[in-house]
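Structure, as structure tokens:
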Amino acid sequence: MKPTNSFFLLICLMALGCQSKKAANSEPAPERQYYELKTYTMATDQQVSMTDQYLRETYLPAMKRLGVANIGVFKPRPSEADSSQKIVVLLPLTSMDQLLTITDQLVEDSIYQAAGADYLNAPHDNPPYERIASVLLRAFTEMPMMQTPKLSGARADRVYELRSYESATEKYYWSKVDMFNAGGEVRLFNKLEFNAVFYGEVISGDKMPNLMYMTTFTDQQSRDAHWKAFGESPEWQALKVMPRYANTVSHSDIYFLYPTEYSDY
């Protein structure tokens, strides 16, 4: 083969390699889920019973008919300082449009309307709850899809830890989000087997700018041991002193929950 032909072949192979690399790098990133986190607040046991029955026998079955799976339903653990009665529902969505579509479909769902009649048609002076708070979130790039926890043991013993981290400004907020994604905080949680359900950017809520995430444990002892390992890990020791992540959290809230018997996980 002549030298010129060899050189031409080399150029072609290099070009082909570059195109293959470009094609691999141009693959779309996984679609990120959206989440609605609804918190029902009740004042009486009767309200709790009615809302429980609605969620268990009407709402979750209707969602499954619409193709929505892995819906979490949680209650505060008895040790929680907040003595008010709450039920927390975590709804995974493929898009924001799906939330509006679901609402319209439920209105037209005769099975849903009949099964939930007592709840849906409750009188104004005997409602099934006091208020419903709703937070909308978008999944982090580092964990674009919800993961159901792999736990055994009694549900009443489990600790599902829901955290909210607020930031002073949007700039500090996005730095904290980056700390989870590019900084490796999510990877560290995975390494230590925190069994995270989701990590999310809050896009609508009353504590913005803030992010939220949920990790899960078999019991309180397991939870405490996991956080001890996290705090002592070399990765966290290095990450927390990085200047670009300084002052990213101005306030945090921690809620200890457990899954109801009718929760999907």
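Read the figures in this text as sums done on the coordinates, not as results from a lab. A quick note: this is a predicted structure, and the numbers were derived from the prediction, not measured. Note that we place each Cβ from the backbone using ideal geometry, even for glycine, and neighbour counts take in every protein chain shown.
Below, the figures for the structure above:
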quantity	calculated
Rounded if a/c under 1.5, otherwise prolate or oblate - the stretch 34-259, Cα gyration tensor axes	prolate
Cβ-Cβ FRET estimate between L239 and S84, R0 fixed at 41 Å, reported to 0.05	0.70
Label zone at D264, where the point sits 7 Å out along the Cα-to-Cβ direction: the stretch 48-70 residues whose backbone N lies under 20 Å	52-70
Volume per residue of the C-alpha convex hull in the stretch 156-206, rounded to whole Å³	102 Å³
Gyration tensor verdict on the stretch 96-138 (Cα atoms; rounded if a/c is under 1.5, prolate if a/b is larger than b/c, oblate otherwise)	oblate
Three-way shape call for the stretch 178-252 based on the alpha-carbon gyration tensor, with the a/c threshold at 1.5	oblate
Approximate spin-label separation S95-E57, in nm, with each point projected 7 Å along Cα-to-Cβ	3.6 nm
Subset of K150/K171; K86/K240; K207/K228; K207/K240; K86/K191; K64/K171 violating a 30 Å alpha-carbon distance limit	K150/K171; K86/K240; K86/K191; K64/K171
Among L37, A246, A156 the positive-end extreme of the charge dipole of the chain (Cβ point charges)	A246
